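Structure record follows, encoded as structure tokens.
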There are 2 protein chains.
Amino acid sequence: MHTKKIIYFLGIMFLLHSCSNDVNKKKESNKGISDSESADYAQFVNPLIGTKNMGHTFPGAAAPFGMIQLSPETNKVDMYLEDGSYNAEVYRYCSGYQYDDTLIYGFSHTHFSGTGHSDLGDLLVMPVNGSLWNGNNGSLDSEKGFFAAFDHKNEVAEPGFYSVLLHDSNIKAEFTTTERVGFHQYTFPKSNSAHIILDLMSNIYNYDGKNVWTFLRVENDSVVTGYRQTTGWARTKTVYFAMQFSKPFIAYGQKRNEKVVYKGFYRKFNEQLNFPEMAGREIRSYFSFKTKENEQIKLKMALSAVSSSNALQNLHTELPHWDFEKVKMETRQKWNDELSKIQVETLLPGQMTTFYTALYHTMLSPVVFEDVNDEYRGLDQNIHRSETFTNHTIFSLWDTYRALHPLFNLIQPKRNNDMVHSMLAHHDQSVHKMLPVWSHYANENWCMIGYHAVSVLADAVIKNTTDADINRILEACVNTSNVPYFDGLGDYISMGYVSEDKSPNAVSKTLEYAYNDWCIAQIAKKAGKDAIYHDYMKRSASYIKVFDSVSGYMRPKLADGSWKSPFDPFDTHGQGFIEGNALNYGLYVPHQLEHMIEMMGGKDQFSDHLDMIFNTPIEDKYIAKNEDITRDGIIGNYVHGNEPGHHIPYLYNYTNSPWKTQERVRMILDSMYSDKEDGLCGNDDAGQMSAWYVFSALGFYPLLPGSDQYEIGSPLVKNATIDFSNGKSLKINVIDQGINNVYVDKVVLNGIEITNNKLTHSELIKGGELVIYMKMKQSD
Amino acid sequence: MHTKKIIYFLGIMFLLHSCSNDVNKKKESNKGISDSESADYAQFVNPLIGTKNMGHTFPGAAAPFGMIQLSPETNKVDMYLEDGSYNAEVYRYCSGYQYDDTLIYGFSHTHFSGTGHSDLGDLLVMPVNGSLWNGNNGSLDSEKGFFAAFDHKNEVAEPGFYSVLLHDSNIKAEFTTTERVGFHQYTFPKSNSAHIILDLMSNIYNYDGKNVWTFLRVENDSVVTGYRQTTGWARTKTVYFAMQFSKPFIAYGQKRNEKVVYKGFYRKFNEQLNFPEMAGREIRSYFSFKTKENEQIKLKMALSAVSSSNALQNLHTELPHWDFEKVKMETRQKWNDELSKIQVETLLPGQMTTFYTALYHTMLSPVVFEDVNDEYRGLDQNIHRSETFTNHTIFSLWDTYRALHPLFNLIQPKRNNDMVHSMLAHHDQSVHKMLPVWSHYANENWCMIGYHAVSVLADAVIKNTTDADINRILEACVNTSNVPYFDGLGDYISMGYVSEDKSPNAVSKTLEYAYNDWCIAQIAKKAGKDAIYHDYMKRSASYIKVFDSVSGYMRPKLADGSWKSPFDPFDTHGQGFIEGNALNYGLYVPHQLEHMIEMMGGKDQFSDHLDMIFNTPIEDKYIAKNEDITRDGIIGNYVHGNEPGHHIPYLYNYTNSPWKTQERVRMILDSMYSDKEDGLCGNDDAGQMSAWYVFSALGFYPLLPGSDQYEIGSPLVKNATIDFSNGKSLKINVIDQGINNVYVDKVVLNGIEITNNKLTHSELIKGGELVIYMKMKQSD
């Protein structure tokens, strides 16, 4: 444990009077931040940020890295339209909630934070007052179940707590959670027809066949267990549960909504009413009560990926009581413990909200994925034990290797080590003997490209944050990089590049494989495996093969060695890149920037190229094609709302104009993030977008994960203190910080001036003082 | 271990020359039965008996009580016709095989033996020589998969071994098995296109939605693991497997036959060819080889209900080698160990086959249902450990409580004790807190009526074959008998009978509940729980409530207390009985026969009633309605092909004409059973029909399970020796046995003459000599 630092925040009164209602609401519970023992950084977190437009965050209750993420769904979306075509609406609901919506369909227990593809939304619970059939607010047998109107005036979203008033039914719904148990508290009006729906057919998105199987047992008058099995992005996924009510229900039942072809001898029973065993594909169950005015019914829902008996054990171990306020406070304290690892002071009060909400969003995935007894379901669908680590899931690695895992190595090294072990276990359980690409809930979903787990491993190895055996790590990396049927990898290995005619987005893949191989080389080097090191350093030069010196761009090459024509470096589709173009994604050679810049004509010409990226507006025709780009996230052809360019603002450090890095970083911090619900300019992508913000706001960025280096940018904070797990602290003092003072005049680390625009991880974690002197004018 | 007794079988030469080809074929491996060390009773077993018409047995390979029952499917049947109506064809294929069929569709690993409802047929394997697509013998994407012609000339069925030549492809298929591992041996012709199909979508019967999910991993070039999940009679069933080939396959692949709505990022891969991870609802996979002439490819398939890792452990533990002949011989030896517990000599050689095949059929269910590490899946779908017993499944209790479990108490007391514990575990895991009714594969399927597990428990308690705590047993019984929503049970408890208007087949239910309650009373008595004893003895008199003294029949009564009218005691439908009528099923008061007979007018009138049953032909209109009755199984209105009347032939013992019991029993033994493929006159019903034969052939029958008593009938054997697990043996000597000497003149047990036509279990298991003197003429 480290001592919380005192923050004197001069703008506090300003904050209290100028921000939105939502922020003001949260202030009501502010105990004051001048008390070091109760420093409440949670007050600065607004989980609603990113819920409007395409941030894809969720506003609900979660513990840091908790498996349960208990959040409202404001729509239920079919993945396909009636004509069978893809329903683009799905994309807006990756986290189940859109700020502009006016209806809530219930509260489910699993979510992604900020991803660009959807799944989950398991075990939707909805309190209902009135008829279960043909009511004004839905029905057991209706397509979308039950719903209620809500408005933001009666909504509170805080770390570890969410509350909303459901209109019409006049039920107040409150939620908090531990890591494995969701805690519901419903305040009902007086009613003879109060129900709590457990909707076992609801998904964040749906299509015919998504629900695979459901099994449910009413163990007694207040405990229900079972599981729900789905297919989809996670192809073979089962979530087990144990649910307990604070009050016995007086009746219960179900509606099985699929066509039941064969009933067998269950036809003997009236399965719809008070029959304690339910199974099928599409089940909505209900539990009925009589309530007095303002009577509270509480409900605990524990999850497990192993079994309902494990879920029950999670419930009894992790949340054995019914004290809602206690859990709410304990979870808030967990958040404060995590958030206070970085204590900042900002110029503007809204920046406090933006910063701590970003930091909050970095701790919503990966999540704990094991039971209190250490059992978890592995990728092979077998049950494993994690005796020496805590198993985690939700690895959106194409996104998160960039800044999120480096951030973990800075402030969450133990947890990152757990993630390293989780990825190694994934490898061991993989029939392909591959590390995760994009994995969740005991499944590899194969989303996006590269094998960036090797970057996470390399970063942990180089920064000494993992205790995993380096030879085991290396073997897993080497195995992963040699699966010939994976995404053009066979050709990459044999030909030195991925060919566009055989595997689309071939340039992106080639560049990323090359970087990944450099990461493997770094591990090999540290392991003393010279042959592997040299082999992978050679592979890491593959980017050269897709550089067209005539056009000056990375360009898609065909299997016969010729360049693909016609070639449009501005186009984001069909030109060798995924979610980017040759202009921006073509700069993805983080491990050999000097050589890349040399190939592209040298520092000055490269600087001009960067200027062109930021200054040339992207044409509308390219935007329409790309779901991951919104106008908000774009500066010229620089797309901050997506990941492939996240290193680009820092590339000026490799030219003669590092001040342009400072200018651009500060511009992006100011314009691409805010403290409002639409404060994310694109998908948060499991925390990567937020991790970019946290690093950049502190003044540096891990441009090359797998190395010890950070690039210096332009800090947003006035000052900051980072507490490391080694007991040391780094104090960052920004001298002459100001809205217009975006340029760095001088950087001094523990009395020594830094002249190369770089910091090293190994130096920083020794602690001490980093002083950054700001100025208003640029200087080449 | 007990010493095998020497059997001198005088008719051996006759047997060798007179029987069918099939039997002759088996004789080729006969080592001679005069050698006591290798007494080969397996030679007398013909697993094909019962495969023609409605015996519903399967001919394939199985170990005694083994989980794997590896047998050919000769058809694939849809449960519903195109218009949605029930396809009566399904009924013929409860075990997957019909003797008159000419095609084989593959060999699957799980079967029921003799049941009247179907399920299972998991993991169908089929060797193919030729094209996988559009071949003459099926296709990966055809509705029924692959098939091959066969004939019985090239078919061998023995205990633990099955072999058939597949025509067209000219592949010889041979099978043996341990308890948990099926062993395949395929002899191929020379081929560049040899394949082994693993059909993961095949079921013994099928309907849209039966296949729930499939998961498969190709672990390396010769090992495949995964699972297959289905719904149906077992509503929530998963079978995990691990499969190993003796030779690496050179290619493999799959056809996923359902409409795949959402592929996710698996679209990156060519999943059909050499992609080691498969999942979906309807998958056929294949594994390809090149073979030399007569090359053998072997395959081991291990099952588990817990996990694929357990299946792999089962495989490696139980069958670590590739010696097919060794396993075949070891499993045959296991059969001989079991079969030789009763050593008989018969008058006619065919009777040896009939007897030992019947004995064989009594050991095909229940089956072991746990892994070598003691783990098993419970009714709650959680994983449990069976450290103090061996868990079993397939409890067809409405059938098997009658004679099969009493037979186990005689010759398989340890295994019956395992079954008792399995049933108690079922109760503990049941959300209803009920003992099994009809359970298989971690599911209760609720088939048929009553709660006859209590009979099995009572029989074990009374015969001292269980070490389970009697109070635990009693509690489970009491719980089971008090589930108000079960099948009219609530009304039975409150009104003293089940009313026909509220629960059909109400008389059958009332009579069986009454008998069941008598069983519970016996347990209570032994446990010294007087109050419970008296309570359940009172409940056991409920049969009186459904006796209509005016008509003289048990008759359906309505909830208002009136008798249902019109009433036809001959009709088997809608008259209060299931699979029977008032004439026969109405006599089901085994626990109070004296009183029942008195109600029905006394002994002589009752004897007339019995005569009428046997002598009054059943009208055609009643037969058409009842799928479980065939003409073959009927004597008048006595229906031996079904269970409710199995006690009836012995009821003459309660009249003044016990000789009629002797006459009828002998008649049934001779006419309702044979050594031919159609040798069963109705469903074997998990061994009940065969257990009736075994008991009756030995000369006595457990008319009242839960009591210590047997009724003396008329032995078929010339002599017999029963070896008990207590080390004692009972020698049965039948003096003056002959085809026409069907009447019993005198019975002497260990020198004491029996005059009441009864034997007691406790006396029999002391061993010694039972001498039965036969005569040709009846004697009142």
If a residue has to be farther than 24 Å from residue B:416 by Cβ, in a loop (DSSP other than H, G, I, E, B) and in contact (Cβ under 8 Å) with a residue 40 or more places away in the chain to count, how many in region B:717-765 make the cut? 5
Checking residue B:245 against (1) more than 14 Å from every other protein chain (Cβ to nearest Cβ); (2) open to solvent by less than 10 Å² (accessible area, probe 1.4 Å); (3) touching a helix residue (DSSP H, G or I) at 6+ places or on another chain (Cβ under 8 Å): exactly one of these is not met. Which one? (3)
Would you mention how many residues in region A:673-702 are open to solvent by less than 10 Å² (accessible area, probe 1.4 Å) and in a loop (DSSP other than H, G, I, E, B)? 7
Checked region A:182-217 for anything β-branched (Val, Ile, Thr) and within 17 Å of residue A:234 (Cα to Cα); matches are A:204, A:212, A:214
Which one is surrounded by the fewest Cβ atoms within 10 Å (Cβ to Cβ), of the residues in region B:706-716 that are assigned to a strand (DSSP E or B) and in contact with a strand residue (DSSP E or B) (Cβ under 8 Å, 6 or more places away or on another chain)? B:709
Say whether the condition of being touching an Asp or Glu at 6+ places or on another chain (Cβ under 8 Å), open to solvent by less than 10 Å² (accessible area, probe 1.4 Å) and not acidic (Asp, Glu) is met by at least one residue in region B:548-558. yes
For residues in region A:380-414 being surrounded by 24 or more Cβ atoms within 10 Å (Cβ to Cβ) and among the aromatic types (Phe, Trp, Tyr), which is farthest from the other protein chains (Cβ to nearest Cβ)? A:408
Looking at region B:200-213, is at least one residue farther than 30 Å from residue B:368 by Cβ and more than 7 Å from chain A (Cβ to nearest Cβ)? no
Could you please give the count of residues in region A:439-455 that are over 17 Å from the mean Cα position of the chain (by Cα) and among the aromatic types (Phe, Trp, Tyr)? 1
From B:115, B:110, B:102, grab the single residue that is β-branched (Val, Ile, Thr) and more than 19 Å from the chain's Cα centre (by Cα). B:102
Keeping to region A:68-98, report how many residues are out of contact with any helix residue (DSSP H, G or I) (no Cβ under 9 Å at 6 or more places or on another chain), assigned to a loop (DSSP other than H, G, I, E, B) and open to solvent by less than 10 Å² (accessible area, probe 1.4 Å). 5
Failed item, numbered, when residue A:465 is tested on (1) within 14 Å of chain B (Cβ to nearest Cβ); (2) open to solvent by 10 Å² or more (accessible area, probe 1.4 Å); (3) in contact (Cβ under 8 Å) with a residue 24 or more places away in the chain; (4) not in a helix (DSSP H, G or I): (1)
Against the definition (closer than 26 Å to residue A:372 by Cα and acidic (Asp, Glu)), how does residue A:221 come out, yes or no? yes
Looking at A:496, A:490, can you tell me which residue is surrounded by fewer than 24 Cβ atoms within 10 Å (Cβ to Cβ), small (Gly, Ala, Ser) and either within 14 Å of chain B (Cβ to nearest Cβ) or touching a Leu at 6+ places or on another chain (Cβ under 8 Å) (or both)? A:490
Residue B:368 more than 21 Å from the chain's Cα centre (by Cα) and either touching a residue at least 12 places away in the same chain (Cβ under 8 Å) or under 30 Å from residue A:242 (Cβ atoms) (or both): no
Return yes or no: is residue A:252 under 18 Å from residue A:282 (Cα atoms), more than 9 Å from chain B (Cβ to nearest Cβ) and in contact with a Pro (Cβ under 9 Å, 6 or more places away or on another chain)? yes
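This table checks each residue for (1) crowded, with 20+ Cβ neighbours inside 10 Å; (2) within 14 Å of chain B (Cβ to nearest Cβ).
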| position | (1), (2) |
| --- | --- |
| A:256 | yes, yes |
| A:261 | no, yes |
| A:268 | no, yes |
| A:273 | no, yes |
| A:287 | yes, no |
| A:313 | yes, yes |
| A:331 | yes, no |
| A:343 | yes, no |
| A:349 | yes, no |
If you check residue A:118 against the conditions, is it small (Gly, Ala, Ser) and open to solvent by 30 Å² or more (accessible area, probe 1.4 Å)? no
Quick one: residue B:621 ticks every box in (1) farther than 25 Å from residue B:352 by Cα; (2) in a loop (DSSP other than H, G, I, E, B); (3) open to solvent by 10 Å² or more (accessible area, probe 1.4 Å) bar one, so which box is it? (2)
Identify, from the list A:112, A:150, the residue that is closer than 24 Å to residue A:294 by Cα, among the aromatic types (Phe, Trp, Tyr) and out of contact with any Phe, Trp or Tyr (no Cβ under 7 Å at 6 or more places or on another chain). A:150
Taking region A:219-241 and keeping only residues that are over 13 Å from residue A:122 (Cα atoms) and either open to solvent by less than 10 Å² (accessible area, probe 1.4 Å) or away from chain B (no Cβ under 12 Å) (or both), one is left with A:221, A:222, A:224, A:225, A:233, A:236
Condition test on residue A:476, is it more than 22 Å from residue B:277 (Cβ to Cβ), assigned to a helix (DSSP H, G or I) and either open to solvent by less than 10 Å² (accessible area, probe 1.4 Å) or touching a Gly at 6+ places or on another chain (Cβ under 8 Å) (or both)? no
Condition first: assigned to a loop (DSSP other than H, G, I, E, B) and surrounded by 23 or more Cβ atoms within 10 Å (Cβ to Cβ). Now tell me which residues in region A:418-433 satisfy that. A:430
May I ask you to list the residues in region B:443-462 that are within 11 Å of chain A (Cβ to nearest Cβ) and either open to solvent by 10 Å² or more (accessible area, probe 1.4 Å) or not hydrophobic (A, V, I, L, M, F, W, C) (or both)? B:443, B:444, B:445, B:447, B:448
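The values are calculated or read from the model by the stated rules, or taken from the named source; none is laboratory data. Bear in mind the structure is a predicted one, so any value in this text is a computation, not a measurement. Note that we place each Cβ from the backbone using ideal geometry, even for glycine, and neighbour counts take in every protein chain shown. Heavy atoms of the whole protein, side chains included, go into the accessibility calculation; ligands, DNA and RNA do not. Shrake-Rupley method; radii C 1.70, N 1.55, O 1.52, S 1.80 Å.
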